[in-house]
Amino acid sequence: QAKRDSSKQVHYCDENIMNSINRRERIIEILKDKIAKQSFELYYQPIIDLKTGKYDFAESLVRIPNSSLGPLYPNEFIPIAEETGLIIEITYQILEKACEFINHLSKENIHIKSVHVNFSAYQFNESNLSNKVIEIIESHHIPLSKIKIEFTESTIAKNVEVVTHFANYVAQKGIRMGLDDFGTGYSNIATVIGIPFGTIKLDRSLILAAMDNEKSAGLVKNITRSFQDLGCSVVAEGVETKEQNQFVKDCQIDFVQGFYYAKPMPEKDVIEFLKHNT
Ligand code: C2E
Ligand code: MG
Ligand code: MG
Ligand code: MG
């Protein structure tokens, strides 16, 4: 009775693989179409300064809210964009939109320090990256310091020399640098220190670990202090609860980005939000 029908099993597997290949192919189509139409949507998540209670920064997070496959999230489509090389053009378009957003903010008389844009490791294969990035920002007539580029330790690890050179070159021109997801990668302190990061973002997993483990909590406190001693500001990512918020305050963490304060929002909504909170 419990005998396995092996032919059926194999067939079932095939179907699953076929479905995921189909889905991947369709996502590639959607990405190409979005690139052609320059129609990626950016959501923005405000980042609060715990000392002043002001929202000084916002991170841009790409969204595809409507597609033939329904809403698509970056955790699914960014890896596909990376594997296919489409990420390079996508990032330029996102940077353009972030610059337009900054200009929309100034029109509303909202002045935040910078908008964060995520760069993936693959971007650094671009030979002319630094000039293109500077050109895009300057074409919108905004100071270079209005953009902060976020990347992770694994991005640095994949190409230490190129990333270090890029970061130092554009930082010296005024673009800001932020380390993303600290605590998830294979940290190499020497290479992290070689990059002029203004902010270090502690990954949500560190905050979660700290909530039920005293050793982790101590570690977060010490990491925060160490980076602050180096002149960096520390951002806690993924703060969702009152307890987590109290913890990051106790650690004297500088900034918080999390659902507890604000979720990522479409441009219109974030402009309304910032109007009332800056
Ligand atoms: P990330 O850069 O670390 O972005 C933070 C992620 O944490 C966002 O997810 C955000 O919605 C989520 N988050 C923020 N606060 C909370 C919280 O309190 N609780 C929880 N559970 N989550 C929170 P999202 O937008 O789904 O993005 C996921 C990842 O996809 C990003 O992680 C980033 O690595 C990548 N990504 C997003 N937009 C872009 C982009 O424009 N370019 C590139 N290259 N990657 C992007
Ligand atoms: Mg990020
Ligand atoms: Mg992050
Ligand atoms: Mg993250």
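The values are calculated or read from the model by the stated rules, or taken from the named source; none is laboratory data. Keep in mind that this is a model prediction, so the values were computed, not measured. Cβ: placed from backbone, ideal geometry, glycine included. Neighbour counts: every protein chain shown.
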For segment 110-158, name all the residues that are of a type in the set (D, E, K, R) and more than 16 Å from ligand 3 (Cβ to nearest atom).
Lys113, Glu126, Lys132, Glu135, Glu138, Lys146, Lys158
Residue, nearest to the chain's Cα centre (by Cα), within segment 233-262, restricted to residues that are within 16 Å of ligand 2 (Cβ to nearest atom) and free of Cβ contacts under 8 Å to residues at least 60 places away in the same chain:
Glu237
Would you check if Leu219 is on the phi < 0 side of the Ramachandran plot, within 16 Å of ligand 2 (Cβ to nearest atom) and without any contact (Cβ under 8 Å) to a residue 40 or more places away in the chain?
no
For residues that are modelled with pLDDT under 95, part of a helix (DSSP H, G or I) and farther than 19 Å from Ile253 by Cβ, tally how many sit in segment 162-207.
4
Strands (runs of 3 or more DSSP E) within segment 40-156 that include 2 or more residues away from ligand 4 (no atom under 16 Å from the Cβ):
41-49, 55-63, 114-118
Checked segment 225-278 for anything more than 14 Å from ligand 1 (Cβ to nearest atom), crowded, with 20+ Cβ neighbours inside 10 Å and among the acidic types (Asp, Glu); matches are Asp254
